[in-house]
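Asks: Just dropping this structure here.
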Amino acid sequence: MTEIDIADLKKITEVVKSKYGYDFTNYAMSSFKRRISRILEMNNMSMETLMKKLYDPGFLDDFLNEITVNVTEMFRDPSFWRVLRDDVIPGILLNHQTIRIWHAGCSSGEEVFSMAIMLREMGLLDKVNIIATDLDTNILEKAKKGEYNLKNMELNEKNYIRYQGTSSLKDYFKESNGKAVLDKSLVENVSFRKHDLVKGDVFNKFDLVLCRNVMIYFNQTLQNEVLKNFHESLFKYGYLAIGSKESLIWCEIANKFIIVNNEEKIYKKIKD
Ligand SMILES: C[S@@+](CC[C@H](N)C(=O)[O-])C[C@H]1O[C@@H](n2cnc3c(N)ncnc32)[C@H](O)[C@@H]1O
């Protein structure tokens with residue numbers, strides 16, 4: 001791995017922030033360093049060349065693509081989806097007839113399609129309003145298309161079987177030109193939007209916020225700020241779901257939540 005010093009990382013974040021408005025200052029240092037090192041190696045580029053390339057807006061997409069890890073799956077962690085279906089959604093319906101959901105850091109949309117499939121099987125898809133956001137506009141375009149590699153669908157189908165859905169995942173997509181094209185009617189009530197969690201805009205109130213496998217790339221200062229925003233974005237008794245390797249018990253707003261399911265990292269807001 002190419003060695004990178006902290007002064008160079010600082011220069012990179014300063015250029016990207018001042019020229020494009022993306023602020024990676026509070027991303028976890030070790031993974032940010034690894035991603036920069038990968039960019040240098042993949043493009044066979046020196047640090048000096050990278051610094052110059054950063055002034056070329058055409059290079060920004062490649063840079064963002066590499067810095068923001070987009071790995072995702074449908075029904076990722078199947079047991080998590082079972083808890084959503086069996087406990088969380090019925091819990092929301094006790095208080096509200098319409099379910100408002102925010103997928104923060106939705107990547108290429110697999111999590112959103114999983115949610116839509118789950119809700120359709122529960123007969124609730126027309127009672128839901130979903131906002132799916134990401135920082136990366138290219139990945140959002142991919143999410144809107146809902147077209148995935150057939151190879152990836154094998155893992156998605158395995159996850160769906162482990163989730164114990166009532167149908168077959170094949171019922172929700174058609175094969176076309178070597179791609180799996182998801183049924184667009186699933187995402188009629190979904191609005192895909194660009195949103196940067198670092199900027200911290202609170203734009204609505206939700207019954208359920210999912211931000212899974214995103215904060216793992218942030219340092220604690222940024223995680224704390226983002227979690228405060230999620231608290232503000234939730235109705236009282238709304239639910240927050242984070243990634244299996246993430247936690248909120250250490251953060252400023254921890255006492256405003258109770259743990260609903262520790263294994264699946266699902267929390268419920270109990271105090272404003
Ligand atoms: C590893 S994916 C997680 C996808 C999905 N939530 C899951 O668990 O499968 C992380 C996503 O977070 C997005 N992301 C990274 N930094 C972000 C930020 N500051 N604001 C919004 N999204 C961000 C990335 O673009 C990427 O699509």
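What follows draws every value from the coordinates through simple rules; no lab data is involved. It should be emphasised that the depicted structure is a prediction, and the values quoted were computed from it without experimental measurement. Cβ atoms come from the backbone with ideal geometry, glycine included; neighbour counts cover every protein chain shown.
Asks: So if I take the centroid of the Cα atoms in region 186-230 and the same for region 100-149, what is the distance between those two points in Å?
Replies: 14
Asks: Send over the per residue convex hull volume for the chain, Cα only, as a whole number of Å³.
Replies: 135
Asks: How large is the dipole of the chain about the Cα centre if only Lys and Arg carry +1 and Asp and Glu carry -1, each at its Cβ, rounded to the nearest 20 debye? Write out the running numbers ahead of the final one.
Replies: Numbers: 39 positive and 39 negative charges, 78 e Å.
That gives the chain a dipole magnitude of about 380 debye.
Asks: Would you work out which of LEU234, SER244, VAL198 lies farthest towards the positive end of the dipole of region 181-264, given +1 charges on the beta-carbon of Lys and Arg and -1 on that of Asp and Glu, about the Cα centre?
Replies: VAL198
Asks: Using unit Cβ charges (K, R positive; D, E negative) and no other charged atoms, how large, in debye to the nearest 20, is the dipole of region 87-167 about its Cα centre?
Replies: Working: 9 positive and 11 negative charges, 23 e Å.
I would put it at about 120 debye.
Asks: Over the chain, what is the percentage of antiparallel beta bridges among all DSSP beta bridges, to the nearest 5?
Replies: Details: 15 of 34 bridges.
Expressed as a percentage, antiparallel bridges in the chain total about 45.
Asks: Towards the positive end of the charge dipole of region 78-269, with charges on Cβ (+1 Lys, Arg; -1 Asp, Glu), say which of LEU119, GLY165, ASN177 has the farthest Cα.
Replies: Value computed over the given set: LEU119.
Asks: A further question follows. Would you grab the residues whose amide H sits under 5 Å from the one on HIS103? Only those 5+ places off in sequence or on another chain, please, with H modelled 1.01 Å from N.
Replies: ILE131, ALA132, THR133, LEU210
Asks: Moving on. Once phi is turned into ³J(HN,Hα) by the Karplus curve 6.51 cos²θ - 1.76 cosθ + 1.60 with θ = phi - 60°, what whole-Hz value does each residue of region 122-134 show in order, with x for glycine and proline?
Replies: 8, x, 10, 4, 7, 9, 10, 10, 10, 10, 10, 10, 7
Asks: Treating only the Cβ atoms of Lys and Arg (+1) and Asp and Glu (-1) as charged, compute the dipole magnitude of region 6-67 about its Cα centre; round to the nearest 20 debye.
Replies: On the way: 10 positive and 9 negative charges, 38 e Å.
So the dipole magnitude of region 6-67 works out to roughly 180 debye.
Asks: Taking H placed 1.01 Å from N in the peptide plane, check which residues at least 5 places from LEU240 or on another chain put their amide H under 5 Å from its amide H.
Replies: The list, which skips near neighbours in sequence, is VAL209, TYR267, LYS268, LYS269.
Asks: Looking at region 121-231 only, what percent of DSSP beta bridges run antiparallel? Nearest 5 please. Working shown, then result.
Replies: Numbers: 7 of 12 bridges.
Once the DSSP bridges in region 121-231 are tallied, antiparallel ones form about 60 percent.
Asks: Just want the answer: with Cβ charges of +1 for Lys and Arg and -1 for Asp and Glu, which residue in ILE39, GLY21, LEU9 is farthest toward the dipole's positive end in region 6-67?
Replies: Towards the positive end, the residue furthest out is LEU9.
Asks: A further question follows. Looking at region 93-130, which GluC sites (Glu not before Pro) are DSSP coil and have at most 13 other C-beta atoms within 10 Å of their C-beta? Don't skip to the answer; put the middle values down first.
Replies: On the way: sites: GLU110, GLU111, GLU121; in loops: none.
Loop-located and lightly packed - none at all.
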